[in-house]
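Remarks on the structure that follows.
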Amino acid sequence: MKCPRCSADSSVLATREFADVLLRRSRECFNGHRFASFEVFKGNLDARTIAATKRGAVGRAVAQRRRHQVLAQPDLTATQLAAQLGCTEARVRQIRAETTT
């Protein structure tokens, strides 16, 4: 597959299957640009199912990034992190509590 930024060839770094509907492949071109491609499985799928699966994948990625940011900054208070990340203090506390259990 060609890179959308520079049109160079790319290689697959990782492949994930979502809801038995599509594959998400993480790719990197030979110039170092990273991007993702989505491949729909054969069959008669409607656009609504595909869109919902893609939104779920993006939502999980956002949640993982937020979790990483919370755990990487233990010296900041929950209030400071919540303001920085755009989430609630309760969510920051919940993420911290999950790791201590």
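All of the numbers you see were taken from the coordinates with simple rules; none came from a lab. What you see is a predicted model, and the numbers here were worked out from it, not measured in a lab. Here Cβ is always computed from backbone atoms with ideal geometry, including for glycine, and neighbour counts include all displayed protein chains.
Using the Kirkwood radius over C-alpha pairs as Rh, can you work out the diffusion coefficient of region 1-45 via Stokes-Einstein at 37 °C, viscosity 0.692 mPa s, in µm² per second?
Reported coefficient: 295 µm²/s.
Computed from these coordinates, which is percent of Cα pairs over 25 Å apart: (1) 44; (2) 18; (3) 13?
(1)
Along the Cα→Cβ direction, 7 angstrom out, place labels at residue 37 and residue 2. What is the inter-label distance in nm?
About 1.2 nm, to one decimal.
How tilted is helix 89-100 with respect to the longest principal axis of the chain? Cα atoms for both, answer in degrees (0 to 90, nearest 10).
Tilt of helix 89-100: around 80 degrees.
Quick one: helix 47-72 against the long Cα principal axis of the chain, what's the angle to the nearest 10°, folded into 0 to 90?
40 degrees
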